[in-house]
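Contents: one structure, followed by commentary.
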Amino acid sequence: MNYIVIDLEWNQGNPQREPEVYGVPFEIVEIGAIKLNKEKKMIGEFNQLVKPQLYHELNHITRKLIHLQMRQLEHGMPFPKVFREFREWCGEDFLFCTWGPLDLEELQKNMKYYDLEPLSDRPLKFYDVQKLFSIAFEDKKTRRSLEYAVDFLQIEKDIPFHRAFSDAYYTARVLAKITDQSALAHYSFDTFIKPRTRKEEIKIIFDNYAKYISREFPNKADALADREVTSCRCYICHKNIRRKIKWFSPNGKHYFAVSYCDKHGYMKGKIRIRKTEDNTVYVVKTEKFISPEEAEAIRNRLQHAKEMRRHHKKSSRKLRMPQEN
């Protein structure tokens, strides 16, 4: 298997002059990629400008970031031709790698606009090298810039940053420095294509947490009524476990629960409700074992959420009460 390390540059409309094209807020103007073999040695490169078809004026943010002029892009090729050449260059057995989680989603939005064949018929497994860098060398949570990682790993900066090819090149060099197999086990999933059936739902266990990506539901209520979505099961011994704190939401978007396994202790569940372009929803649920102190902190958060709701209801009742003359 090879690794395809990809980076994209994109442009966006200027609201007063070029309204956003539905489904494509960012038009890709450059594709850069490095191909690594299974030993993470560079064996190929791809670099191509894309001739704009949707937005014909460079947004000031784009111009500042990538140092390109529209006249340069006019020498590029249309996106469908560039993508087909890129896809052929990738080969058949490969894994996409990106710096951060955004590039693959924007790539697929552009592909969909031009009715190109999807990359996959389900969530796309890939390496988010930005996340892997944090897992391998820092606290697993902080997300650093690519240039920070290059400096941290003392990689020679022999070409400028902030062009698609150069950023793919540096991302590939950072990936090659990550040799910790426990870090490399942390795959990410791009959810531009959602699971269509229960069988296609993603269930994966990492070294210190479990992740579940659901199929689509018509609305949030239906999602939260699904047993798989709200179940609390120990991902080590695979048994249903006692719920100590029922699912609650402090903000209407994220839901939390705490369960207890007799063998492995307290486990936090977190549900994120995510909307799709079709106004349906899907769920990303993570489960992780936590300390008793962390469990108590979640209990305090629940209590605070209850107090805020009581205060809100009390204030609403006062507003509805008739005023005395």
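The values are calculated or read from the model by the stated rules, or taken from the named source; none is laboratory data. Since the structure is predicted, the reported quantities are computational estimates derived from the model, not experimental observations. A quick note on method: Cβ atoms are made from the backbone with ideal geometry, for glycine too, and the neighbour counts reach across all protein chains shown. To get the accessible areas, we keep the full protein, side chains included, count just its heavy atoms, and leave off ligands, DNA and RNA. Shrake-Rupley method; radii C 1.70, N 1.55, O 1.52, S 1.80 Å.
Accessible area per residue for the chain, computed on protein heavy atoms with a 1.4 Å probe, is 56 Å². Projecting the Cα atoms of H186, I159, V229 onto the dipole axis of segment 157-264, where Lys and Arg carry +1 and Asp and Glu carry -1 at the beta carbon, places V229 farthest toward the positive end. Given their separation in residues at 0.36 nm each and the Cα-Cα distance between them, E200 and R243 gain 12.8 nm when the chain is fully extended.
Step through the table entries K64/K275; K109/K270; K244/K314; K51/K125; K268/K314; K141/K270, compare each Cα-Cα distance with 20 Å, and write down the pairs that go over it. Pairs exceeding the cut-off: K64/K275; K109/K270; K244/K314; K51/K125; K268/K314. Here the dipole of segment 1-151 is about 220 debye; that uses its Cα centre as origin and unit charges on the Cβ of Lys and Arg (positive) and Asp and Glu (negative).
Between Q181 and Q154, how high is the FRET efficiency from 1/(1 + (r/R0)^6) when r is the Cβ-Cβ distance and R₀ = 22 Å? Nearest 0.05.
Calculated transfer efficiency: 0.50.
Secondary-structure-derived ellipticity at 222 nm for the chain, considering helices only, amounts to -9500 deg cm²/dmol, per-run term -39500 (n - 2.57) for DSSP H runs with n ≥ 4. Segment 128-142 and segment 1-24 have their alpha-carbon centroids 25 Å apart. With a sphere of radius 12 Å drawn around the Cβ of W89, what net charge do the other residues whose Cβ falls strictly inside it have (Lys, Arg +1; Asp, Glu -1)? Neighbour charge sum, excluding W89 itself: -1.
Rolling a 1.4 Å probe over the protein heavy atoms of the chain, with every protein chain left in place, gives an accessible area that is 49 percent carbon and sulfur.
GNM remark for the chain: springs join alpha carbons under 10 Å apart, and the peak mean-square fluctuation among I31, I213, I178 falls on I178. For GluC sites (Glu not before Pro), the sites in segment 154-223 that DSSP calls loop and that have at most 13 other Cβ atoms within 10 Å are E156. Summary of the geometry: segment 243-314 and segment 172-189, compared by the centres of their Cα atoms, lie 30 Å apart. For the chain, averaging the sequence separation of C-alpha pairs within contact (under 8 Å, six or more residues apart) and dividing by the residue count gives a relative contact order of 13 percent. Between N219 and E92, the C-beta separation translates, for a Förster distance of 35 Å, into a calculated FRET efficiency of about 0.35.
Between A172, A305, A210, the GNM of the chain built on Cα springs shorter than 10 angstrom shows A305 fluctuating the most.
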